[in-house]
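Let me begin by presenting the structure, written as structure tokens, before commenting on it.
No lab work stands behind these numbers, since they all come straight from the coordinates. Remember, it's a predicted structure, so these values are computed and weren't measured experimentally. Glycine also receives a Cβ, built like all others from the backbone with ideal geometry; neighbour counts cover every protein chain displayed.
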Amino acid sequence: MTTGQLPFGTWPSPLPAVEVAAGGVRLGQVAVDGSDVYWHEGRPSEGGRGVIVRWVAGQVNAGLGADQAGGRVDVTPPPWDVRSAVHEYGGGTFAVADGLVIFSHGGDGRLYRLAGEGGPVPITPGGPDRYADPLIDRRHDRLFAVRERPGDGPDAGRSLVTLPSGGGTVVDVFSGSDFVSSPALHPEGIALVWLSWDHPNMPWDGTTLWRASLDADGAVGTPARVAGGPAESLFQPRWSPAGDLYVVSDRTGWWNLYRVEGEDLVPLWPGERESGLPQWVFGLSTYDFLGPDRVAIAAVKGGRWDLWTLDLRSGTADRLDLPFTGIGDVHANSGGVVFTAGSPVRSRAVWRWDVMTGETRVLNEAVPGPLPEAAISRAEPITYPSGDGQVAHAFYYPPLNPGIEGLPGTMPPLIVESHGGPTGATSTTFSAKVQFWTSRGFAVLDVDYRGSTGYGRAYREALEGEWGVADVDDCVAGARYLVERGWADPDRLIIRGSSASGFTTLAALTFRDTFRAGASLYGVSDLEALVRDTHAFESRYLDRLVGPYPEMRERYRERSPIHHVGGFSCPLIVFQGLDDPVVPPNQAEAIVAAIRSRGLPVAYVPFAGERHGFRRAETIVRALEAELSFYGQVFG
């Protein structure tokens, strides 16, 4: 029942910023150990501390938030911060086998061993080296891991290494490429596989699958190339229980599952859907084996993820009837499948699906239901024409707050946002940050611009050489598309973005006149400075997105907002972590100073101690409240 009419953008909301921050637990990697399930949580309420959580089937710990199916307990208490800084984005922070936990501590980058009643014990030397993607080999009481050695010296770089699980000498296994990831051990311990790639490729451009035999003593043989190359992206090599090797490849233009037979890849479930992800972080998993010939596999089509079971003999796939639109971290677990998933009305959580009963149970809850379902704005997928005769994809969230309507004859302010990366994708699972805006009477358009994943390799590559143009065109076209349909107020169009989409935001405000306000969170303003200052993992990323540097230096300057601040004509608010190693603070400081020099309204909100992506609850609260206040001042 409608109880009142209020101007769009001014509605009283049941979702304060403090609740958004409280529910902002970041779920990371999932692992299984027999019937036990482990996962990683990043907790804003604890300053962003990374925690390994264990769920024990059939065990109830009432004081730790247990449910009827089992008990949950923190494995790593304060001050341990489970985090990896390899590639700066981390992931692959821990491994577990037979109760033995190996994890990376963010405080010093070392690997630690945790077993029994004792506390964590370091097993790698102190120093600048950092580690990710640990893999435990119980047969030989050792582990494999990816080691990153920072610096410019001859020993700098990334390599696959091995060391005793109790600590000892770290030995290189493979160091022949610029980057390495995804080690996987044959179930009988007779072979090891991994992925590698070289500059200027990113892992979604081209990777190589390697295999090395292991002898009875565990000695690693000479690596041999199995598949892949600079024009084929491989993802998640994994052995079946029978010892067959599988991998996801985009050789047909879509990330599909294959079985490795000699030097050939045999397609198992071809189609215009994707079961691969851009490897920004380690430890990703979209499929696992329910048996020698049956797989549980997640796949995305049109921006929606589903979970399927695939019979490897017949090729028959059955979609599970689940309410989720975002699914990942898929692992088989004692007659079931454990995965992370979220729906339009429920935030991402850890779930278990039982193979025999078909029942699903939640093992944790990242956001404890801050809004009733009737108050949650649902994403409406749209595809619309954009520049150069191309189309773009996005999700529209209408303003929604039960009992309140906008004033007759008016349209809502529209916030256009997009994902970072830029190689990535948005999600339609419940986001408290989106609902923060829609519950206040804003409409939101979340754009999967050209270059996004989940729509095939051709769409992903459509951003090559066009970053700062195609993505901007898609955001602008999306806003105009909604205005034409009467879904948005043309005089209150806002664009916001973080990291790579912060660059999209700044470019849209510089080179287009569509938007009336903008917000950049740790966004890029100077492409030339970025390519000179950024970290190793992304140091050649712009070769494809913009062009080789310095050969195409003029294009870098043409696309950089910092060199064209004369194009700015509307207010801007900028948020920046002062410890950000990916997009350094000088990017934000330069654009703020340049805009101020022109006498235009600009607000700058720096956060000491924050890196790339805000993790602390107090930061999230302050940023949201400042952004809301900013729009209030701009639009009255």
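Mean sequence separation of contacting Cα pairs (under 8 Å, at least six apart), scaled by the length of segment 77-362, corresponds to a relative contact order of 9 percent.
Scaled to the globular estimate 2.2 N^0.38 Å, the Cα spread of segment 463-602, given as radius of gyration, is 1.03. Against the empirical 2.2 N^0.38 Å (N residues), the chain has a Cα radius of gyration ratio of 0.95. Taking the DSSP beta bridges with both ends in the chain, the antiparallel portion is around 80 percent. Taking Cα centre as origin and charging only the Cβ of basic (Lys, Arg, +1) and acidic (Asp, Glu, -1) residues, the dipole magnitude of the chain rounds to 920 debye. The alpha carbon radius of gyration of segment 371-635, expressed as a multiple of 2.2 N^0.38 Å, is 0.96. Here is the list for segment 337-414: GluC sites (Glu not before Pro) lying in DSSP coil, each with at most 14 other C-beta atoms within 10 angstrom of its C-beta, are 359.
With the helix formula -39500 (n - 2.57) applied to DSSP H stretches of n ≥ 4, the chain reaches a computed 222 nm mean residue ellipticity of -4000 deg cm²/dmol. Charge dipole (Cα centre; +1 on Lys/Arg Cβ, -1 on Asp/Glu Cβ; no other charges) of segment 77-362 amounts to roughly 560 debye. Loop sites by DSSP among the trypsin sites (Lys or Arg not before Pro) of the chain, restricted to those with at most 13 other Cβ atoms within 10 angstrom, leave 1-312 as the longest stretch without any of them. Between the helical axis of 617-635 and the dominant principal axis of the chain, each derived from Cα atoms, what acute angle in degrees is found, rounded to the nearest 10? Roughly 20 degrees, rounded to the nearest 10.
The charge dipole of segment 341-391, taken about its Cα centre with unit charges on the Cβ of Lys, Arg, Asp and Glu (plus for the first two, minus for the last two), comes to roughly 160 debye. Here the relative contact order of segment 87-148, from alpha carbon pairs under 8 Å that lie six or more residues apart, stands at 28 percent. Per residue, the average separation of C-alpha pairs within less than 8 Å and at least 6 apart gives segment 397-514 a relative contact order of 34 percent.
Three semi-axes describe the equivalent ellipsoid of segment 77-362; taken as square roots of 5 times the Cα gyration tensor eigenvalues and ordered largest first, they are 30, 23, 19 Å. The angle between the Cα long axis of helix 500-511 and the main principal axis of the chain comes to about 30°, on a 0 to 90 degree scale. Axis of helix 585-596 versus longest Cα principal axis of the chain: the two differ by about 10°, to the nearest ten degrees. When the chain is described by a simple charge dipole with +1 on each Lys and Arg Cβ and -1 on each Asp and Glu Cβ, the residue from 84, 511, 111 located farthest towards its positive end is 511. Here the gap between residue 629 and residue 319, fully extended at 0.36 nm per residue and compared with their Cα-Cα distance, gives a gain of 107.1 nm.
Summing charges over all other residues whose Cβ lies under 12 Å from the Cβ of residue 462, with Lys and Arg as +1 and Asp and Glu as -1, gives -4.
A dipole drawn for segment 371-635 from +1 and -1 charges on Cβ atoms has a positive end, and of 400, 561, 623 the residue lying farthest that way is 623. Selection among 246, 167, 229 by position relative to the dipole of segment 158-296 gives 167 as farthest towards the positive end (Cβ unit charges, Cα centre).
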